[in-house]
Amino acid sequence: MGFWDYVGSYRERLLFDAYQHASAVLQCVVVATVAGVAIGVLTYRREWAAGLATATTSAVLTVPSLAMIGLLIPVVGLGVAPTVIALTLYGLLPVVRNAIVGLRGVDPALVDAAKGIGMSRARRLLRVELPLAWPPILTGVRVATQMLMGIAAIAAYASGPGLGNEIFRGIASLGSANALNQVLAGTLGIVVLALLFDAGYVLLGRLTIPRGIRG
Amino acid sequence: MSAPPGTAPGADATSAAPGTPVAPASPYPSGSPDGSPGAAPAPYEARPLRITWRKLTLLPSLLVVVLVSTWLWFRHAELDAISANALANGQVWLALRQHIALTAVSTFFVLVIAVPLGVLLTRRRFRAATPFVRAVANAGQATPAIGLLALLVIWLGIGRTAALTGMIAYAVLPVLSNTMAGLRANEPTLLEAARGIGMSPAEVLTRVELPLAVPLILAGVRTALVLNVGTATLAAFGGGGGLGVLITTGITNQRVPVLVLGSILTVALALLVDWLASLAEVLLRPRGLEEGP
């Protein structure tokens, strides 16, 4: 069976896996972004706290994903839980680091001006600092998404959702007629998803980066 | 896998390597925690320590605590036949040795391929190839490591060769883009000056360009090492051995002790390798590039 025949005859299963893959990654990225920006906002003004946040999240990133999943299984069991926890943890680092770098990069004179016209701390953060720090944060979210695409594939080994299942089906049936088709379908599917997400971020950047600071 | 650090598609000067910001910022961090104090050292004064005690002792002591407690737990753990079988006859040592060998060999080849290629691609003659290389690099970043590995296993057969090829292919890109970014970031006036005092192109490369790019190349090496420790766990899926064998055995047979032992050893190895690489990064940086006045 050729590759396209295979894709045709298993279209529904592949689409379902692709949908689950995209949805798992998207949800974890959203959680990681919210949590990461929150961590960034809480820590960027104190040197030691920012250092601690960056060091901790980068230590997490050093841990191989299969080992991370292996350590989560005894605690939360197989399936969706270890996948979601691992993906969210891995997604944090790029967001936290870029949030801190971005927030620190805001021109103090602008913050001062905002204070001068009577903005409260919360309003300064929401109306001035975060919009100006948004482009690097968005870069971090993009990096995180690309990374999570690959890690999600590995999580399928712990019965997680997504296109990784297709790859592992192929590995499990090495030598059979469809092994190559299965691995290829899973891998190419993830590449396509990653490229689609990337295009989505370009669009999101167009829509959300304030007009005044667009390069 | 994609283990950890991938490279930022938009900002290849600053890969997501532990220790460098994932941001389109300057490649040289403005405040290194172990940098020397601002004043220029007097000629006979003791040179400032490049590595602080905390950096030197914190992680190793943490690892010792974790490993000793794991060992104590295992001495008293009740292992059933399947677990005992999976761990008997020095299989744990074998897996650990295989893992280290996979990481070392793949990192060696990654450097041998990526650094010269980076030098070549930044020469004027090959500058036209840059967009092509960037496109390949971006597509490569999007490819999941496990898929790449599985394809290679189908193509090359089960065993070490497929695993190593996959690991090398996967880590070449970040190191390549770091090398190229490092060479490009060099001050053009310095190269001009080097040419001006009569250096040949080869001399300019070996005596000016490469030494100046050392910090970024070292950051790339660290990225490669950490990536490879992670990707080596996936070698188990292609019969390449390594600590991934313990993890996958633990998962498929539902034996928590095997799973936890494999995971803890992998994590400890990854943190240790990253720590060693971070020391190397500090120690091998040319003195002249340290932050001065």
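The values are calculated or read from the model by the stated rules, or taken from the named source; none is laboratory data. This structure is a prediction, so every number in the text was calculated from the model and none was measured. Quick reminder, even Gly has a Cβ in these numbers, built from the backbone with ideal geometry, and neighbours come from all protein chains shown.
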Going through B:GLY241, B:GLY262 one at a time, which residue ends up being under 24 Å from B:LEU63 (Cα atoms), facing chain A (nearest Cβ under 9 Å) and either surrounded by fewer than 20 Cβ atoms within 10 Å (Cβ to Cβ) or within 23 Å of the chain's Cα centre (by Cα) (or both)? B:GLY262
Somewhere in segment B:243-254, is a residue free of Cβ contacts under 8 Å to residues at least 40 places away in the same chain, among the hydroxyl-bearing types (Ser, Thr, Tyr) and assigned to a helix (DSSP H, G or I)? yes
With within 8 Å of chain A (Cβ to nearest Cβ) and crowded, with 22+ Cβ neighbours inside 10 Å as the only criterion, which of B:GLY230, B:GLY220 stands out? B:GLY230
Filter segment B:162-216 for residues that are free of Cβ contacts under 8 Å to residues at least 40 places away in the same chain and of a type in the set (S, T, N, Q) and give the result. B:THR165, B:ASN186, B:THR189, B:SER200, B:THR206
Based on this model, can you work out whether A:THR145 counts as within 7 Å of chain B (Cβ to nearest Cβ), in a helix (DSSP H, G or I), buried (at least 21 other Cβ atoms within 10 Å of the Cβ) and of a type in the set (Ser, Thr, Tyr)? no
When you scan segment A:55-78, do you find a residue that is touching a residue at least 12 places away in the same chain (Cβ under 8 Å), surrounded by 15 or more Cβ atoms within 10 Å (Cβ to Cβ) and over 21 Å from B:THR233 (Cβ atoms), even just one? no
Sort out which residues of segment B:98-144 are within 15 Å of the chain's Cα centre (by Cα), within 14 Å of chain A (Cβ to nearest Cβ) and aliphatic (A, V, I, L, M), and write them in order of number. B:ILE100, B:LEU102
Would you list the helices (runs of 4 or more DSSP H) that sit entirely within segment B:126-218 and hold 2 or more residues that are at pLDDT 85 or above? B:145-156, B:160-184, B:188-196
Which residues, counting only those in segment B:265-287, are within 8 Å of chain A (Cβ to nearest Cβ) and in contact with a Leu (Cβ under 8 Å, 6 or more places away or on another chain)? B:THR266, B:VAL267, B:LEU271, B:ASP274
Of the numbered conditions (1) within 12 Å of another protein chain (Cβ to nearest Cβ); (2) without any contact (Cβ under 8 Å) to a residue 40 or more places away in the chain; (3) basic (Lys, Arg), A:ARG104 satisfies every one except a single condition; which is it? (2)
Scan segment A:41-68 for residues that are facing chain B (nearest Cβ under 8 Å) and among the hydrophobic types (A, V, I, L, M, F, W, C) and report the count. 6
Scan segment B:78-122 for residues that are in a loop (DSSP other than H, G, I, E, B) and surrounded by 12 or more Cβ atoms within 10 Å (Cβ to Cβ) and jot them down. B:LEU79
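Condition check ((1) in contact with a helix residue (DSSP H, G or I) (Cβ under 9 Å, 6 or more places away or on another chain); (2) among the hydrophobic types (A, V, I, L, M, F, W, C); (3) surrounded by 13 or more Cβ atoms within 10 Å (Cβ to Cβ); (4) in contact (Cβ under 8 Å) with a residue 60 or more places away in the chain) across all residues:
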residue: A:TRP4; (1), (2), (3), (4): no, yes, no, no
residue: A:TYR10; (1), (2), (3), (4): yes, no, yes, yes
residue: A:HIS21; (1), (2), (3), (4): yes, no, yes, yes
residue: A:VAL41; (1), (2), (3), (4): yes, yes, yes, yes
Could you grab the pairs with beta carbons closer than 7 Å, sequence gap of 6+ or different chains, first residue in segment A:182-203 and within 9 Å of another protein chain (Cβ to nearest Cβ) and within 15 Å of A:ILE171 (Cβ to Cβ), second one loosely packed, with under 15 Cβ neighbours inside 10 Å and at pLDDT below 90? A:LEU184/A:PHE3
